[in-house]
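Okay, so here's the structure we're looking at.
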Amino acid sequence: MACIIICALGLGLYCSYLTPGLPERQFLLEIHKSLGMTALVLIVLRIPLRAVYGEPSWQAVPSIPVRIGAHAAHMALYALMVLMPVSGYITSAAAGRSLPWFWLFQWPNLITADRALGRLASTIHHYGAYTFFTILGLHLAAVAWHRLIKKDEVLSRMT
Ligand code: HEM
Ligand code: HEM
């Protein structure tokens, strides 16, 4: 999921610098939407699996402040993993745009055309993207701290 989401973030950011209507932008957005919808399906499967199976057990339990910080960041990442594909879907669906999955099929459009809703979803998608970049940056910095400075078990827990 990390690979899919990082590719979706990179493509989305790149497309935001391209002129709307440009064939290159449309082509890359088709891939972006396909990756985003894949992430949506996977997060819908992942959340109940996580609730049932829980997290790996610790060999050496970290301090309470570290666990609180990690938990807050992980909750925010879960929220963004839902918010981003849902707001992206609504942005495209409310504008009657394509909802592709890699040129194989179109996802059903469950929303009637609504420009105001589309604009709201697009704004959420836009600010959600920058929040995602920020929290992901903190997440990766924390991973580097655990791996390179503390040299503990945390990286091996990524599931
Ligand atoms: C993990 C899921 C997703 C991530 C991380 C993501 C990320 C991004 C990012 C970073 C941008 C550029 C934002 C900006 O600067 O305004 C963007 C734009 C866009 N995304 Fe996504 N996206 C995701 C899922 C989706 C999905 C599922 C769709 C539609 C089915 C979608 C449709 C769009 C569209 C149409 C744009 C162009 C900007 C706009 O018109 O608002 N995205 N996305
Ligand atoms: C879009 C990219 C990513 C997202 C959305 C993400 C999200 C998350 C979430 C939600 C958790 C908590 C898992 C749980 O307890 O259920 C987690 C854990 C973890 N992630 Fe990521 N992650 C991403 C990328 C990465 C990358 C690139 C690395 C390292 C190379 C990484 C390393 C870890 C590690 C080591 C943990 C375990 C932390 C612990 O034991 O408490 N993550 N990640």
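A few remarks follow.
- Axis angle, to the nearest 10 degrees, between helix 115-144 and the longest C-alpha principal axis of the chain: 30 degrees.
- The slack in the chain from Val41 to Phe27, taken as 0.36 nm per residue of separation less the alpha-carbon distance, amounts to 2.9 nm.
- Based on Cα contacts under 8 Å between residues 6+ apart, the chain shows a relative contact order of 21 percent.
- Cα extents of the stretch 78-159 along the three principal axes, largest first (Å): 52, 28, 16
- Spin-label model distance (nm) - Gln106 vs Thr131, 7 Å beyond Cα toward Cβ: 3.1
- Build a GNM of the chain with springs between Cα atoms under 10 Å apart, and of Leu110, Leu120, Leu99 the one that fluctuates most is Leu110.
- Qualifying trypsin sites (Lys or Arg not before Pro) in the stretch 1-82, DSSP loop, other Cβ atoms within 10 Å at most 15: none
- Think of each Lys and Arg Cβ as +1 and each Asp and Glu Cβ as -1; about the Cα centre, that makes the dipole of the stretch 72-153 roughly 140 debye.
- Rounded tilt (10° steps) of 2-16 against the dominant C-alpha axis of the chain: 40
- Cα long-axis angle, helix 64-94 against the chain (0 to 90 degrees, to the nearest 10): 10
- The orientation-averaged projection of the convex hull spanning the C-alpha atoms of the stretch 1-135 amounts to 9.7 square nanometres.
- Across Thr112, Thr131, Thr123, mean-square fluctuation computed from a Gaussian network of the chain (C-alpha pairs under 10 Å connected) peaks at Thr112.
- Helices in the chain, meaning DSSP H runs of at least 4 residues, each add -39500 (n - 2.57). Divided by all residues, the mean residue ellipticity at 222 nm is -24000 deg cm²/dmol.
- Per residue, in Å², the accessible surface of the stretch 2-157 once ligands and nucleic acids are set aside, probe 1.4 Å: 65
- The accessible surface of the chain, taken with every protein chain in place and a 1.4 Å probe, is 71 percent carbon and sulfur.
- Given R0 = 35 Å, the distance between the Cβ atoms of Arg119 and Ser57 translates into a calculated FRET efficiency of 0.15.
- Here's the picture: charge each Lys and Arg Cβ at +1 and each Asp and Glu Cβ at -1 in the chain, and of Thr134, Trp58, Thr123 the one pushed furthest to the positive end of that dipole is Trp58.
- For the stretch 31-121, chymotrypsin sites (Phe, Trp or Tyr not before Pro) meeting the loop criterion (DSSP other than H, G, I, E, B) and having at most 11 other Cβ atoms within 10 Å: Trp103.
The values are calculated or read from the model by the stated rules, or taken from the named source; none is laboratory data. Predicted model only: the values in this text are computed from it and were never measured. Note that each Cβ is placed from the backbone with ideal geometry, even for glycine, and that neighbours are counted across all protein chains shown. Accessible surface areas use protein heavy atoms only, side chains included; no ligands, DNA or RNA. Shrake-Rupley method; radii C 1.70, N 1.55, O 1.52, S 1.80 Å.
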